[in-house]
Amino acid sequence: MIHHFSFAARDPKHVAGVIAVILGGEAQPFPPVAVGSWMAMAGDDHGTGVEVYPLGAELTPAEGDADSVAVMNDNPAPFVATHAAVGTALSEVEVHAIAAREGWISKYRKRGGVFGVIEFWVENRFMIEVLTPEMQAEYLAAATPQAWRAMLAKGPPKAA
């Protein structure tokens, strides 16, 4: 169970508000790690949340018995390999409408021909895979060790 994850954005408050809509929750300031951070909170039984730090914030270990700290990088990478898959109660049409409203890229993709996701490109730089209820059912059927072994036994998926 992943309870929360974090990423950086140009406009953390706005991005947390958009993510909160997808999660069916609300956004709140999140000052403990980096000034200007916000958190989208789902308000569910798992404490699901997404921390959104200012672009350039990099978590680094602190010396001794202290919490990690955010250090600002003046030259952050425009794209990162880090991403997350999140479930939503919204429909595919509603998710694409949110992306269109924000001017962000979104598109439906079928991962390995097995389960669908909506690539939701926050600020057109950070990808969140958004899964509608139907996509979540596909994902859950595929996201087991047994199903993964069966897929690997068939060989690599065909390139898109």
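Out of (1) of a type in the set (A, V, I, L, M, F, W, C); (2) touching a Phe, Trp or Tyr at 6+ places or on another chain (Cβ under 6 Å); (3) modelled with pLDDT under 95, what's the single condition that is false for Ala77?
Failing condition for Ala77: (2).
Within segment 25-73, can you find the residues that are farther than 19 Å from Ile128 by Cα, in contact with a Phe, Trp or Tyr (Cβ under 7 Å, 6 or more places away or on another chain) and assigned to a loop (DSSP other than H, G, I, E, B)?
Passing the criteria: Phe30, Val33, Ala34.
Hey, among the residues in segment 21-41 that are of a type in the set (Gly, Ala, Ser) and surrounded by fewer than 22 Cβ atoms within 10 Å (Cβ to Cβ), which one's farthest from Asp67 (Cα to Cα)?
Gly24
Which is outside the structural domain of Thr132 (by TED's automatic domain parsing) and in contact with a strand residue (DSSP E or B) (Cβ under 9 Å, 6 or more places away or on another chain), of Gly24, Gly87, Gly56, Gly64? Write out each step before concluding.
Values: Gly24 fails: in contact with a strand residue (DSSP E or B) (Cβ under 9 Å, 6 or more places away or on another chain); Gly87 fails: outside the structural domain of Thr132 (by TED's automatic domain parsing); Gly64 fails: in contact with a strand residue (DSSP E or B) (Cβ under 9 Å, 6 or more places away or on another chain).
That would be Gly56, the only listed residue that is outside the structural domain of Thr132 (by TED's automatic domain parsing) and in contact with a strand residue (DSSP E or B) (Cβ under 9 Å, 6 or more places away or on another chain).
Taking segment 1-20, which residues are more than 13 Å from the chain's Cα centre (by Cα) and either touching a residue at least 24 places away in the same chain (Cβ under 8 Å) or assigned to a strand (DSSP E or B) (or both)?
The answer is Met1, Arg10, Asp11, Pro12, Lys13.
Give the residue, chosen from Val80, Val71, that is over 16 Å from Gly24 (Cα atoms), in contact (Cβ under 8 Å) with a residue 40 or more places away in the chain, of a type in the set (Val, Ile, Thr) and surrounded by 11 or more Cβ atoms within 10 Å (Cβ to Cβ).
Step by step, each of Val80, Val71 is checked, and only Val80 is over 16 Å from Gly24 (Cα atoms), in contact (Cβ under 8 Å) with a residue 40 or more places away in the chain, of a type in the set (Val, Ile, Thr) and surrounded by 11 or more Cβ atoms within 10 Å (Cβ to Cβ).
The values are calculated or read from the model by the stated rules, or taken from the named source; none is laboratory data. All values derive from a computational prediction rather than experimental measurement. Reconstructed Cβ throughout: ideal geometry from the backbone, glycine too, with neighbour counts over all protein chains shown.
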